[in-house]
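J.: What follows is a structure written as structure tokens; I'll ask about it next.
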Amino acid sequence: MKIGVLVKQVAGSESPLRIDSNEKWVDEESIDFATNESDSYALEEALQIIERSGGEGEVVVISMGPADRTPKIIREALAKGGNRAIHIQEETPYETDPFMVASIFAEAVKDESFDLILSGLQSDDLGSGQTGVILGELLGMSTATLVMGVELQDGKLRVKRELESGWFQWVTLPFPACITIQSGLNQPRYPSLKGIMGAKKKEIKSITKGDIKVSGTPMQEFSKMYLHKAEKRTEMIEGSTDQIVERMIDIFKKEIKAI
């Protein structure tokens, strides 16, 4: 089985976030980058699927990001057991529209003919939760989201999906398939010393984003990024009961925007 796994480099949870001068993204100078959490679970599941299949198959790590830092998480994924990698190099301004991101991935991997593509449910930075779904559709694959369990049965893929209110759903998908993995599905492994040394010799195919021709235009973009500023203000509401209620409703609607 040939499995592709999307991994993304995101700001670490302890990193201070400051907005850059153009108010379109964060200042990356003070950020410690790490692998997106749910992508780690997707990689681990891909490795376990190959192991349960007797070691027959290949795990290809796929990532898009700048050339100066993205190879770090790619090498980490290869050290855990990935066989080779595809790095789509991009520089600022980074692509933020899920449709365009999925289109770029689809064009870059269309000739790989993957049996299965796994990605994390969503990224910790943008959190759209759409890239994996759109990618599957663009490649003509069956898709499933919020996957909490994976089984191979009679040449098909059986997945357990997490629904609302504590409900779950089992779905059987034909191959090729593209699924998004929920955090907590498994226990991601750590790279071994042997794996780290071996990762240095594994192939990383580099592609420049500008060389990938995709049709269509972005469907969304950031107009401005800013940090929330907390304000403390006290207002004494006086008058009749009806006037007080009317003023409170007005505050909840227009100022607090809670209703």
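Values in this text are rule-based calculations from the coordinates and carry no lab data. Here the structure is a predicted model, which means the values were calculated and not measured. So basically every Cβ, Gly included, is an ideal-geometry build from the backbone, and we count neighbours across all protein chains shown.
J.: Only one of these conditions is not met by LEU6: (1) within 26 Å of SER223 (Cβ to Cβ); (2) buried (at least 23 other Cβ atoms within 10 Å of the Cβ). Which number is it?
T.: (1)
J.: List pairs: first in the range 198-220 and within 21 Å of GLU91 (Cβ to Cβ), second in a loop (DSSP other than H, G, I, E, B), Cβ under 7 Å, 6+ apart or cross-chain?
T.: Here the result reads LYS209/GLU90; PRO218/ASP97; GLN220/ASP97, each pair linking the range 198-220 to a residue that is in a loop (DSSP other than H, G, I, E, B).
J.: Also, quick follow-up: Would you list the strands (runs of 3 or more DSSP E) that sit entirely within the range 33-92 and hold 3 or more residues that are buried (at least 23 other Cβ atoms within 10 Å of the Cβ)?
T.: Filter on the range 33-92 gives 58-65.
J.: Got a sec? Which of GLY216, GLY198, GLY184, GLY210 is in a helix (DSSP H, G or I) and within 24 Å of the chain's Cα centre (by Cα)?
T.: GLY210
J.: Starting from the range 231-259, keep only residues that are on the phi < 0 side of the Ramachandran plot, then list their pairs with residues that are small (Gly, Ala, Ser) and outside any helix (DSSP H, G or I) whose Cβ atoms are within a distance under 8 Å, requiring at least 6 positions of separation or different chains.
T.: Matching pairs, first to second residue: ARG247/GLY239; PHE252/ALA258.
To keep it simple, each residue is scored yes or no on (1) in contact with a strand residue (DSSP E or B) (Cβ under 6 Å, 6 or more places away or on another chain); (2) of a type in the set (S, T, N, Q).
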residue	(1), (2)
ILE207	yes, no
GLY216	no, no
GLN220	no, yes
MET236	no, no
SER240	no, yes
GLU246	no, no
ILE259	no, no
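J.: On to the next question. Evaluate the range 98-115: report whether one residue or more is crowded, with 18+ Cβ neighbours inside 10 Å, part of a strand (DSSP E or B) and not charged (D, E, K, R).
T.: no
J.: Please find, within the range 61-85, the residue that is nearest to MET225 (Cα to Cα) out of those that are of a type in the set (A, V, I, L, M, F, W, C) and over 16 Å from the mean Cα position of the chain (by Cα).
T.: ALA67
J.: May I ask you to list the residues in the range 131-159 that are out of contact with any strand residue (DSSP E or B) (no Cβ under 8 Å at 6 or more places or on another chain) and surrounded by fewer than 20 Cβ atoms within 10 Å (Cβ to Cβ)?
T.: Those that are out of contact with any strand residue (DSSP E or B) (no Cβ under 8 Å at 6 or more places or on another chain) and surrounded by fewer than 20 Cβ atoms within 10 Å (Cβ to Cβ): LEU138, GLY140, ASP154, GLY155.
J.: Can you say whether PHE175 is in contact (Cβ under 8 Å) with a residue 40 or more places away in the chain and more than 20 Å from ASP39 (Cα to Cα), as far as the supplied structure shows?
T.: yes
J.: Here is a follow-up. Looking at the structure I just gave you, is ALA85 farther than 22 Å from GLY54 by Cα and of a type in the set (A, V, I, L, M, F, W, C)?
T.: No: the conditions fail for ALA85.
J.: Filter the range 164-196 down to the residues that are of a type in the set (S, T, N, Q) and surrounded by 11 or more Cβ atoms within 10 Å (Cβ to Cβ), then identify the one that is farthest from ALA46 (Cα to Cα).
T.: Here the answer is GLN169.
J.: Tally up the residues in the range 220-259 that are surrounded by fewer than 10 Cβ atoms within 10 Å (Cβ to Cβ) and under 30 Å from PHE99 (Cβ atoms), please.
T.: Total satisfying the criteria: 6.
J.: Also: For SER128, only one of the following conditions fails: (1) assigned to a loop (DSSP other than H, G, I, E, B); (2) buried (at least 23 other Cβ atoms within 10 Å of the Cβ). What is its number?
T.: (2)
J.: Can you tell me which residues in the range 9-32 are basic (Lys, Arg) and surrounded by 15 or more Cβ atoms within 10 Å (Cβ to Cβ)?
T.: If the condition is that a residue be basic (Lys, Arg) and surrounded by 15 or more Cβ atoms within 10 Å (Cβ to Cβ), then LYS24 is the only one that fits.
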